[in-house]
Amino acid sequence: MNRSLTDNVAVVTGASSGIGRATAYAMGEAGAQVVVTARRTDRIEEVAHRINEAGGQAIAVTADVTNADDVDRLYDVAIEAFGRVDILFNNAGVSAYGPLDTISVEDYDWMMNTNMRSSFLCTRRFLPDMLARRRGQICFLASVAGLKGLPNETVYCASKFAQVGFAQALDYETRE
(Lines give C-alpha, C1' and ligand atoms only; values in the text may rest on other atoms or scores of the structure.)
Protein backbone atom coordinates (compact mmCIF):
# COMPACT_ATOMS: atom_id res chain seq x y z
CA MET A 1 0.00 0.00 0.00
CA ASN A 2 1.27 3.44 -0.86
CA ARG A 3 -0.14 5.39 2.05
CA SER A 4 -0.09 4.84 5.75
CA LEU A 5 -3.08 3.27 7.43
CA THR A 6 -1.82 4.13 10.89
CA ASP A 7 -4.68 4.98 13.24
CA ASN A 8 -7.13 2.96 11.15
CA VAL A 9 -8.94 -0.21 12.15
CA ALA A 10 -9.75 -2.59 9.31
CA VAL A 11 -11.94 -5.69 9.08
CA VAL A 12 -11.06 -8.10 6.27
CA THR A 13 -13.55 -10.85 5.44
CA GLY A 14 -12.39 -14.00 3.73
CA ALA A 15 -8.93 -13.39 5.17
CA SER A 16 -7.89 -17.04 5.38
CA SER A 17 -6.45 -17.21 1.86
CA GLY A 18 -5.86 -15.48 -1.45
CA ILE A 19 -6.60 -11.80 -1.87
CA GLY A 20 -8.12 -11.47 1.61
CA ARG A 21 -5.00 -12.85 3.25
CA ALA A 22 -2.72 -10.63 1.13
CA THR A 23 -4.89 -7.59 1.89
CA ALA A 24 -4.77 -8.27 5.62
CA TYR A 25 -0.97 -8.50 5.48
CA ALA A 26 -0.73 -5.30 3.43
CA MET A 27 -3.02 -3.39 5.77
CA GLY A 28 -1.08 -4.60 8.79
CA GLU A 29 2.18 -3.59 7.12
CA ALA A 30 0.72 -0.16 6.38
CA GLY A 31 -0.05 0.33 10.08
CA ALA A 32 -3.73 -0.60 10.38
CA GLN A 33 -5.04 -2.59 13.30
CA VAL A 34 -6.59 -5.57 11.52
CA VAL A 35 -9.48 -7.87 12.35
CA VAL A 36 -9.19 -10.94 10.14
CA THR A 37 -12.21 -13.16 9.72
CA ALA A 38 -13.14 -16.35 7.91
CA ARG A 39 -14.60 -19.74 8.75
CA ARG A 40 -11.23 -21.49 9.06
CA THR A 41 -9.91 -20.70 12.55
CA ASP A 42 -6.43 -22.13 12.09
CA ARG A 43 -5.81 -20.10 8.94
CA ILE A 44 -6.98 -16.74 10.27
CA GLU A 45 -5.11 -17.27 13.53
CA GLU A 46 -1.98 -17.80 11.41
CA VAL A 47 -2.68 -14.56 9.49
CA ALA A 48 -3.18 -12.59 12.72
CA HIS A 49 -0.04 -14.18 14.22
CA ARG A 50 2.07 -13.18 11.19
CA ILE A 51 0.80 -9.60 11.32
CA ASN A 52 1.54 -9.39 15.05
CA GLU A 53 4.94 -11.03 14.59
CA ALA A 54 5.82 -8.40 11.98
CA GLY A 55 5.09 -5.63 14.48
CA GLY A 56 1.47 -4.99 13.55
CA GLN A 57 -1.66 -5.50 15.58
CA ALA A 58 -4.29 -8.04 14.57
CA ILE A 59 -6.94 -10.32 15.99
CA ALA A 60 -8.67 -13.31 14.44
CA VAL A 61 -12.43 -13.80 14.66
CA THR A 62 -13.86 -17.02 13.31
CA ALA A 63 -17.15 -16.22 11.59
CA ASP A 64 -19.38 -17.25 8.72
CA VAL A 65 -20.22 -13.84 7.27
CA THR A 66 -23.29 -15.27 5.53
CA ASN A 67 -24.79 -15.64 9.02
CA ALA A 68 -26.25 -12.50 10.62
CA ASP A 69 -25.51 -13.66 14.18
CA ASP A 70 -21.85 -14.29 13.27
CA VAL A 71 -21.63 -10.83 11.68
CA ASP A 72 -23.10 -9.25 14.83
CA ARG A 73 -20.51 -11.11 16.92
CA LEU A 74 -17.72 -10.04 14.54
CA TYR A 75 -18.80 -6.42 14.94
CA ASP A 76 -19.00 -6.71 18.74
CA VAL A 77 -15.53 -8.29 19.00
CA ALA A 78 -13.98 -5.68 16.67
CA ILE A 79 -15.52 -2.79 18.63
CA GLU A 80 -14.53 -4.31 21.96
CA ALA A 81 -10.94 -4.82 20.78
CA PHE A 82 -10.35 -1.55 18.93
CA GLY A 83 -13.24 0.81 19.71
CA ARG A 84 -14.26 1.36 16.09
CA VAL A 85 -13.86 0.14 12.51
CA ASP A 86 -12.65 2.54 9.82
CA ILE A 87 -12.30 0.15 6.89
CA LEU A 88 -14.51 -2.79 5.94
CA PHE A 89 -13.04 -4.93 3.18
CA ASN A 90 -15.81 -7.20 1.87
CA ASN A 91 -13.70 -9.93 0.33
CA ALA A 92 -15.37 -13.25 1.15
CA GLY A 93 -16.16 -14.97 -2.12
CA VAL A 94 -16.56 -18.32 -3.85
CA SER A 95 -17.16 -19.57 -7.36
CA ALA A 96 -18.34 -22.58 -9.30
CA TYR A 97 -17.88 -22.68 -13.04
CA GLY A 98 -19.59 -24.61 -15.80
CA PRO A 99 -22.55 -24.46 -18.14
CA LEU A 100 -25.75 -23.35 -16.45
CA ASP A 101 -27.25 -26.84 -16.53
CA THR A 102 -24.37 -28.10 -14.36
CA ILE A 103 -24.90 -25.47 -11.65
CA SER A 104 -27.20 -26.75 -8.91
CA VAL A 105 -29.61 -24.75 -6.78
CA GLU A 106 -27.22 -25.42 -3.88
CA ASP A 107 -24.33 -23.95 -5.94
CA TYR A 108 -26.49 -20.90 -6.66
CA ASP A 109 -27.33 -20.35 -2.99
CA TRP A 110 -23.69 -20.92 -1.96
CA MET A 111 -22.35 -18.32 -4.42
CA MET A 112 -25.07 -15.72 -3.88
CA ASN A 113 -24.89 -16.06 -0.10
CA THR A 114 -21.11 -15.94 0.08
CA ASN A 115 -20.54 -13.27 -2.55
CA MET A 116 -23.50 -10.97 -1.98
CA ARG A 117 -25.34 -11.77 1.25
CA SER A 118 -22.06 -11.50 3.19
CA SER A 119 -21.41 -8.05 1.70
CA PHE A 120 -24.95 -6.98 2.59
CA LEU A 121 -24.79 -8.29 6.16
CA CYS A 122 -21.36 -6.86 6.94
CA THR A 123 -22.09 -3.50 5.35
CA ARG A 124 -25.47 -3.23 7.08
CA ARG A 125 -23.80 -3.94 10.45
CA PHE A 126 -20.70 -1.74 10.15
CA LEU A 127 -22.10 1.22 8.15
CA PRO A 128 -24.24 2.94 10.83
CA ASP A 129 -21.24 3.57 13.08
CA MET A 130 -19.19 4.90 10.15
CA LEU A 131 -22.00 7.26 9.19
CA ALA A 132 -22.39 8.45 12.78
CA ARG A 133 -18.65 9.18 12.98
CA ARG A 134 -18.64 10.61 9.43
CA ARG A 135 -15.60 8.46 8.76
CA GLY A 136 -15.06 5.12 7.08
CA GLN A 137 -14.41 3.24 3.90
CA ILE A 138 -16.23 0.17 2.66
CA CYS A 139 -14.55 -1.79 -0.10
CA PHE A 140 -16.00 -4.61 -2.17
CA LEU A 141 -13.81 -7.10 -3.95
CA ALA A 142 -15.86 -7.88 -7.01
CA SER A 143 -14.42 -9.06 -10.31
CA VAL A 144 -14.37 -8.41 -14.01
CA ALA A 145 -17.23 -10.90 -13.82
CA GLY A 146 -19.22 -8.13 -12.14
CA LEU A 147 -18.82 -5.92 -15.20
CA LYS A 148 -19.15 -8.36 -18.08
CA GLY A 149 -20.98 -11.66 -18.51
CA LEU A 150 -18.63 -14.55 -19.15
CA PRO A 151 -19.31 -18.06 -20.47
CA ASN A 152 -19.62 -20.81 -17.86
CA GLU A 153 -19.91 -18.18 -15.10
CA THR A 154 -23.62 -17.31 -15.13
CA VAL A 155 -24.29 -17.43 -11.41
CA TYR A 156 -20.84 -16.17 -10.43
CA CYS A 157 -21.32 -13.19 -12.75
CA ALA A 158 -24.80 -12.60 -11.35
CA SER A 159 -23.45 -12.54 -7.79
CA LYS A 160 -20.67 -10.13 -8.74
CA PHE A 161 -23.00 -7.88 -10.78
CA ALA A 162 -25.19 -7.74 -7.66
CA GLN A 163 -22.19 -6.79 -5.54
CA VAL A 164 -21.13 -4.03 -7.95
CA GLY A 165 -24.68 -2.65 -8.15
CA PHE A 166 -25.00 -2.75 -4.37
CA ALA A 167 -21.71 -0.86 -3.95
CA GLN A 168 -22.68 1.77 -6.53
CA ALA A 169 -26.11 2.32 -4.99
CA LEU A 170 -24.59 2.52 -1.52
CA ASP A 171 -22.12 5.13 -2.74
CA TYR A 172 -24.98 7.32 -4.00
CA GLU A 173 -26.95 6.70 -0.82
CA THR A 174 -24.19 7.59 1.64
CA ARG A 175 -21.98 10.22 0.01
CA GLU A 176 -22.67 13.66 -1.38
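The values are calculated or read from the model by the stated rules, or taken from the named source; none is laboratory data. Owing to the predicted nature of the structure, the values given are computational and were not obtained by experimental measurement. We place every Cβ from the backbone using ideal geometry, glycine too, and count neighbours over all the protein chains shown. All accessible areas refer to the heavy atoms of the entire protein, side chains included, with ligands and DNA or RNA removed. Shrake-Rupley method; radii C 1.70, N 1.55, O 1.52, S 1.80 Å.
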Determine which residues of the range 32-54 fall in the zone a paramagnetic label at Ser17 would reach in this model, i.e. backbone nitrogen under 17 Å from the point 7 Å along Cα→Cβ. 37-48
Counting every C-alpha pair in the range 4-124, the percent lying more than 17 Å apart is 54 percent
Within the range 105-144, find all residues whose amide N lies under 18 Å from a label point positioned 7 Å from the Cα of Arg84 along Cα-to-beta-carbon. 125-139
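Within the accessible area of the range 46-173, what % is carbon and sulfur when the probe is 1.4 Å and the other protein chains stay in place?
After summing per-atom areas, the C and S share lands at 53 percent.
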Rounded to one decimal in nm, the spacing of the 7 Å Cα→Cβ label points at Arg134 and His49 is 4.4 nm
Taking 0.36 nm per residue of sequence separation and subtracting the Cα-Cα distance, how much length would be gained by fully extending the chain between Ala68 and Val164, in nm to one decimal? 32.5 nm
Nearest-20 debye value, the chain charge dipole, Cβ charges on Lys, Arg, Asp, Glu: 480 debye
Semi-axis lengths (Å, descending) of the ellipsoid that matches the C-alpha gyration tensor of the range 77-176: 30, 15, 9
Computed over the range 92-149, the convex hull of the Cα set has an average projected area, in nm², of 4.7 nm²
Assuming R0 = 25 Å, what is the FRET efficiency of Val94 and Asp7, from their Cβ-Cβ distance, to the nearest 0.05? 0.15
